[in-house]
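Heads up, the thing below is written out as structure tokens.
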Amino acid sequence: MPSVGEDISKILVRRLQKGEPVMKALLAVVVILALAVPAVAAVPAGAEAAIQQVWQQFSDAWARGDAHARAAIWAEDASLINPFGVEAHGRAAIEKLFEQENAGFARGTTHTFSNFSFRFLTPTIAEVDATGEIKGIRGADGTPMPTVTIHVFAIMAEAGGKWQMKDARPYVIGPPPGQPPTGTK
């Protein structure tokens, strides 16, 4: 399969062989390139607020210990790799992972998000970066643990007027080797 560059070269050569002036042929190539380069989509009105509302629904469900409600914001074919490297593919598997988390470290905790950054690839697909804080974690002996700060990168998609999580990769930001720990307060 020829590359885009090869295709454009063929167009340019063909136009020049037909006796078209060089500048006109080059202009045609520039227009083709401009149309071929993907651009960041315009932000649909209200999309950022709607996406943040989905994340708030996740936070509210987390605080209630409601794995089903947490999973409900995920698309049927979504994927998640949690900060501990556990993978879940599909809403049902994600819900089971959330049930396991609720029975362990997430029990009695809160999870909030801030510092959102959005990049709309199309009007219905967005990359989202956010900072998360998990408060109230307790050690195995019941000792209070520091707040854990995470970063989340996610892909969200809108269908039928509803934004859903398609893929998410939350992670704890670790220190460089030999440095004191970060990601906790």
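The values are calculated or read from the model by the stated rules, or taken from the named source; none is laboratory data. Here the structure is a predicted model, which means the values were calculated and not measured. All Cβ positions, glycine included, derive from the backbone under ideal geometry; neighbour counts span all protein chains shown.
Values for this structure:
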read-out: In region 91-113, residue nearest to residue 46 (Cα to Cα) [restricted to those that are among the aromatic types (Phe, Trp, Tyr) and modelled with pLDDT of 95 or more]; value: 113
read-out: Qualifying position, being modelled with pLDDT of 95 or more, part of a strand (DSSP E or B) and touching a Phe, Trp or Tyr at 6+ places or on another chain (Cβ under 9 Å), among 116, 120; value: 116
read-out: Only listed residue being assigned by TED's automatic domain parsing to the domain that holds residue 63, assigned to a strand (DSSP E or B), farther than 16 Å from residue 52 by Cα and modelled with pLDDT of 95 or more, chosen from 130, 88; value: 88
read-out: Checklist (1) in contact with a His (Cβ under 9 Å, 6 or more places away or on another chain); (2) exposed (fewer than 15 other Cβ atoms within 10 Å of the Cβ) applied to residue 95, failing item; value: (2)
